[in-house]
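Notes to accompany the following structure.
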Amino acid sequence: MAQVYFDDVKEGQDIPTLEKTPTNRTLVQWAGASGDFFELHYDKEFAKTMGYPNVLVHGRLEAAYLTQLLTDWAGEKGVVKKMSVQYRGNAFPGQKLLIKGKVTKKYQKDNENIVELEIFVENPEGQKITPGSAIVALPKK
Amino acid sequence: MTTDSRKFAKTLDEVKTYLGKKREESMEIDGTVIRAYCECIGDPNPMWKDTAPPGLVTTAMISSGAMLIGVPLLYKRSVAGGADWEFFKPIKKGDTIHTSHEFSELQEKASDKGPRLLMVYKSSHKNQKGELVAISTNTIMNY
């Protein structure tokens, strides 16, 4: 993967999109890895009692995809410094999710080359179900 | 069989008694932990060999610990509302991460769908040298 440099980043530019299709298997793996065994994420009958048609993808799994979006882009010399997300919509297993980001601001502060981004997870209906923001430091040429 | 592992409170005051409650946990970050995380999310980046992806500490370890504080819910439905993370140092293979979770804030809100609670958990993550590697906040919506 080629290293991205602060010099080459433009405000308003999109960063490369990640595609993810979490399955029931992914949710079980995530439950095991995270220790989050809330029934909403593997028991369809339980999900129905809460008003959902199916089990839900863990919000934190979507957040994990967003950190991958950032680390893939920032490369070995880039550093993810901050990230925040809001869980506004639901994702269901089997749906193709697009993990996206756009540069909103770049500046230098305390000898660091800072890039601010808008990030979000988009569902197949084109809705931003998990919007957020991030701050990344990038190397300079 | 469908189970429900959650605990419920009868009154808001009962939930409030949990404010400030903490839970500590530790996790050794070995190659297996890093590999399990990367396999699960599908992140084949070769950078994650001796260094853990930042998503690991925040997303993989936090859930169980904060929930184990055992704060009861007031309403039937609960979902994650939002979260934020600040990363200070990379986590390396071989580190032991000590996490402290706190049930730090409770907000009661009215909405057109009825009352809801915002339950805020704050966590800090330090390595075996006592260096702060990350802090995070997670909000659970209960309605």
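With within 12 Å of another protein chain (Cβ to nearest Cβ), surrounded by 16 or more Cβ atoms within 10 Å (Cβ to Cβ) and more than 26 Å from B:Ile34 (Cα to Cα) as the only criterion, which of B:Val79, B:Val120 stands out?
Criteria check complete, one pass: B:Val79.
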*Confirm whether B:Ile41 is more than 9 Å from chain A (Cβ to nearest Cβ), surrounded by 15 or more Cβ atoms within 10 Å (Cβ to Cβ) and in contact (Cβ under 8 Å) with a residue 12 or more places away in the chain.*
no
*Only residues that are within 13 Å of A:Val136 (Cβ to Cβ), in contact with a helix residue (DSSP H, G or I) (Cβ under 9 Å, 6 or more places away or on another chain) and surrounded by fewer than 19 Cβ atoms within 10 Å (Cβ to Cβ): list them for segment A:80-109, please.*
A:Lys106
_Of all residues being modelled with pLDDT of 90 or more and within 14 Å of chain A (Cβ to nearest Cβ) in segment B:99-115, which is nearest to A:Tyr87 (Cα to Cα)? Just the residue, please._
B:His101
*Of these, B:Thr96, B:Thr2, B:Thr11, which one is away from every other protein chain (no Cβ under 13 Å), in contact with a Ser or Thr (Cβ under 9 Å, 6 or more places away or on another chain) and surrounded by fewer than 21 Cβ atoms within 10 Å (Cβ to Cβ)?*
B:Thr96
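The values are calculated or read from the model by the stated rules, or taken from the named source; none is laboratory data. Quick caveat: nothing in here was measured; it's all calculated off a predicted structure. Note that we place each Cβ from the backbone using ideal geometry, even for glycine, and neighbour counts take in every protein chain shown.
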